[in-house]
1. Tilt of helix 125-138 relative to the longest C-alpha principal axis of the chain, in degrees (0 to 90, nearest 10)?
2. Quick one: in region 158-309, what % of C-alpha pairs are over 29 Å apart?
3. Testing the spin-label approximation: label points 7 Å from Cα along Cα→Cβ at Ile280 and Lys115. State their distance in nm.
4. With +1 assigned to the C-beta of every Lys and Arg and -1 to the C-beta of every Asp and Glu, and no other charges, what is the dipole magnitude of region 22-77 about the Cα centre in debye, to the nearest 20?
5. Can you tell me the 0 to 90 degree angle between the C-alpha axis of helix 73-93 and the longest principal axis of the chain, rounded to 10?
6. Give me the three principal axis extents of region 1-127 from the C-alpha atoms, as integers in angstrom, largest value leading.
7. Using per-residue counts of other Cβ atoms within 10 Å, averaged over each peptide, order 114-120, 347-353 from highest down.
8. For region 313-345 and region 40-71, what is the centre-to-centre distance using only Cα atoms, to the nearest Å?
Amino acid sequence: MNYDVIICGSGIAGIYTALNINSGLKIAIISNNKLESCNTYLAQGGITTVRGKEDRNCFIDDTLYAGGNENNIETVKLVAEEADKNIKKLVSMGVPFNRDDHGNLLYTREAAHSKRRILYSNDQTGKHIFLTLAEKMAEKKNITVYSEVEILDLLVSNKKAVGVIGVNKKNKVLEFLGDKVVLATGGIGGLFKNSTNRRNLKGIGIALSKKYGIEISNIGAIQFHPTAFYDPQSERRFLISESLRGEGAKLRDLKGDRFIDELLPRDVVAASIETKKKEISSPYVYLDATKLKEDFLKIRFKGIYENLLEKGYNLAQNMIPVTTSQHYFMGGVVVDMDGKTSLEDLYACGEIAFTGLHGRNRLASNSLLEGLVFGNRVAEDINREIKNVKEELLPSYQITHLIDEYEKNNFSKNEFFDVIKSSIDIEKTKEENRRIVIDEILKVREDLKDELSVD
């Protein structure tokens, strides 16, 4: 199947990239599960914006503070500069952000933000952003969506990315050819025993990059969210948004004593919780929102309130058992300011990309903003670079699972892909991809061995 652009991933970064690419170009979006099975859909708290020129330096300072000043300062400045225009575009698309009685946008605050600058749609911001973007995408005739197709490998020709190999739910191997390939494959939470992430997100972008010598960085930079509902029976832990603490909820030990400033950076709060758990020999601590009005909680945190009721807890009346859980990947495939990787014609954006924005700890709600800013920059670069007249792709691809002797034969394109498809052991390839990412993590984070689904 031939396209101008192939985008792997259906979260905010992937779809927003597609929407900003010229409508005359044919685009394929590939999702390894249902389209909504992305972390964007789960995002509760909100999306960061920069509230005018007077807020730029403050946003930069907050991002650097949260990231331990290990951020790429040029990336932070870029995001600060381009946040407003991309957020305005999102608002113009009709995302139902909360507004006051006069129609003015409302803002909330989360940890390490020194002011209220986070737009939100109650406690289901990501869901509403996703649904809005998906609706806009459905109107575009140049975009074809392939759901439940798992990426197995890259197609590389003459040191350029020219496509991907995938497999659908019927175990049929498919090839997608394109002038540009975009990795927007999300995070790595599916590799962990306990994570707030979708279970289908297993770092395929890292596996592909490692296979082809594409530069990756900061693999050990993995963020644990401080407040996931404690449920030892659940693989994907239910996140309790940081914005709840931004509105006044407190963290307490089993005696009810507060032990940390809840609005310190996530890594500091998470470490404090882990220390307290060891000190009191408990697998959890409490999140206390009982001082907040129930009517407020029912509306502002509707999803969290209702979910906890189903678990037997009233957010307005009960302290909630919470623990830390793997949440976000701050390392990834190294990209430049246009989202280009070290392999020609291959881009990356969103959680799988390493832009340097986050440093050692992501500032709350900066992830969705990063997806917008770099998704737009990837699209703009593709619009500048892509050729109007396509060159015929020659069958000289380098496939990891294709032995050298095949490449020396003068196959037709169809014959070539028949050889590729017949040579792929699907389940073995999936497991190899999973192990590549786990092994890379353990090289630098042996302390996470018990957290990862190693076996």
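1. So the inclination is approximately 30 degrees.
2. Details: 4270 of 11476 pairs.
Of all Cα-Cα pairs in region 158-309, 37 percent lie more than 29 Å apart.
3. For Ile280 paired with Lys115, the spin-label model returns 3.6 nm.
4. Dipole size: approximately 340 debye.
5. Around 90 degrees separate the two axes.
6. Dimensions of region 1-127 along the principal axes of its Cα atoms: 49, 39, 26 Å.
7. Going by the mean number of other Cβ atoms within 10 Å, highest first, we get 347-353, 114-120.
8. Result: 14 Å between the Cα centres.
The values are calculated or read from the model by the stated rules, or taken from the named source; none is laboratory data. All values reported here derive from a predicted model rather than from experimental measurement. All Cβ positions, even for glycine, are placed from backbone atoms using ideal geometry, and neighbour counts span all protein chains on display. Keep in mind that these areas ignore ligands, DNA and RNA; they rest on the heavy atoms of the full protein, side chains included. Shrake-Rupley method; radii C 1.70, N 1.55, O 1.52, S 1.80 Å.
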